[in-house]
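The values are calculated or read from the model by the stated rules, or taken from the named source; none is laboratory data. Since we're looking at a predicted model, the values are computed, not measured. Using ideal geometry, Cβ is built from the backbone for each residue, glycine included, and neighbour counts are taken over all protein chains shown. Ligands, DNA and RNA are excluded from the accessible area calculation, which covers all protein heavy atoms including side chains. Shrake-Rupley method; radii C 1.70, N 1.55, O 1.52, S 1.80 Å.
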Number of protein chains: 2
Amino acid sequence: MARNNIDSLNCSIADTLNLIGEWWTILILREAFFGSRRFEEFQQYLGIARNILTARLKKLCDSGILERVPVKEGARRHEYRLTPMGRDLLPILIVLTHWGDRWLNESEGAPVIFVERDTGKEIADICVLSQDGRELKARDLALIPGPGATEETKERLRLMVETWQQRQASRSKKS
Amino acid sequence: MARNNIDSLNCSIADTLNLIGEWWTILILREAFFGSRRFEEFQQYLGIARNILTARLKKLCDSGILERVPVKEGARRHEYRLTPMGRDLLPILIVLTHWGDRWLNESEGAPVIFVERDTGKEIADICVLSQDGRELKARDLALIPGPGATEETKERLRLMVETWQQRQASRSKKS
DNA sequence: TTTAAAAGTTGCTTTTTGCAACTAAATATG
DNA sequence: CATATTTAGTTGCAAAAAGCAACTTTTAAA
């Protein structure tokens, strides 16, 4: 993301975007999930500039999302493979896909569909669930500071609750 | 995303990133979910340059993710609110948060935690499920062309299956 | 009525991208 | 074995995007 203050936001979204939020990175990961491993594969399928691809792959390797392994024993050519950390990004790709399918490609239909290999059936839509499996909407959620919250974050969240309560109050007055 | 060929990728991920993949956009959306509505709120919490914020808010409004409504009847000052299309991005934010919590902030712990408002209990981890509720991993998934697939996409997916089968074959030979 | 805050806009500088050409090693070919 | 081709980058330069600070113009407050 931007250079300066992002790190100070005390936010896992910002931290994640710091690693995968740059131009191209998520599409490179998509390619990786689609089975690409070699520099040329990524380059050709995406049409990305080679120097940018180099930079992105390096960053992904440095941060442990991909690993760079010799094609065979002792070879100096490498391929890029998803690590467990990288494979754990799959839900992000699926959520992005489903949202795009729903809101941007509704008329034409989805370009690609994720299915379960064994059954061929489409996977379930990803949604937010409570521990006991009820579906939750934005309205049903609240935010609380976690163990990693700074004082600033706690203050911010307190303020958020206040604002929210005021809005609820003014809403009930009106109606 | 990049200017040229992204649109031709026939991929909902690329389409989605075209709208929300730019620097700052996702953090602006995070702020919106956290309750910010006014220009100054976004600006102050994020420390984003004002001209960039202007551009991002405009794009988000143009694409229907936010709407710009007068603060009160007839006022010329506006606030920016999530539309249903925008609220539907919540799973993306949660997935990004959880991934960052798990892989980047494990030692310090999560800065913020999403809980169910009514019970105060943490929400469930978002994961990929089959229609009948079994958890699926990357290995369990396959991709098939959907109704919106171009010939190129179909070809690409055929090739993918081939490559995958070859790798499976060479793997079983080795072991 | 003056002051201050909100919501931008403008101009200029620094960073990032994109593109094309170049390089060096590995592999294939005759 | 010598030469060509592929692979995986690197370099240099032009164009686009981002950051910063200063400037406007309404709106709200004192």
Residue list for the stretch A:104-117, filter: more than 7 Å from chain B (Cβ to nearest Cβ) and either closer than 18 Å to A:Phe33 by Cβ or of a type in the set (Ser, Thr, Tyr) (or both) = A:Ser107
Residue by residue through the stretch B:36-49, note down the ones that are crowded, with 17+ Cβ neighbours inside 10 Å and either away from DNA strand C (no atom under 13 Å from the Cβ) or among the aliphatic types (A, V, I, L, M) (or both).
-> B:Leu46, B:Ile48
Any idea which of B:Arg139, B:Arg134, B:Arg68, B:Arg77 is open to solvent by 90 Å² or more (accessible area, probe 1.4 Å), more than 7 Å from chain A (Cβ to nearest Cβ) and in contact with a strand residue (DSSP E or B) (Cβ under 6 Å, 6 or more places away or on another chain)?
-> B:Arg68
Residue pairs within 6 Å by beta carbon, gap of at least six or interchain, first lying in the stretch A:62-88 and more than 13 Å from A:Leu29 (Cβ to Cβ), second modelled with pLDDT under 90 and more than 16 Å from DNA strand C (Cβ to nearest atom), listed first then second, are none
Check B:Asp15, B:Asp101 and return the single one that is more than 13 Å from DNA strand D (Cβ to nearest atom) and within 16 Å of the chain's Cα centre (by Cα).
-> B:Asp15
Considering the stretch B:38-58 alone, what residues qualify as being within 9 Å of chain A (Cβ to nearest Cβ) and either touching a residue at least 60 places away in the same chain (Cβ under 8 Å) or of a type outside the set (A, V, I, L, M) (or both)?
-> B:Tyr45, B:Gly47
Looking at A:Asp101, A:Asp15, which one is surrounded by 22 or more Cβ atoms within 10 Å (Cβ to Cβ), within 9 Å of chain B (Cβ to nearest Cβ) and more than 30 Å from B:Pro111 (Cβ to Cβ)?
-> A:Asp101
Among all residue pairs at least 6 apart or on different chains, which show Cβ distances below 8 Å where the first residue, located in the stretch B:16-27, is under 14 Å from A:Trp103 (Cβ atoms) and the second is at pLDDT below 90 and open to solvent by 10 Å² or more (accessible area, probe 1.4 Å)?
-> B:Leu17/B:Met1; B:Asn18/B:Met1; B:Asn18/B:Asp7
Note: among B:Arg81, B:Arg68, B:Arg37, just one is touching a Cys at 6+ places or on another chain (Cβ under 7 Å) and farther than 19 Å from A:Asn18 by Cα, namely B:Arg68
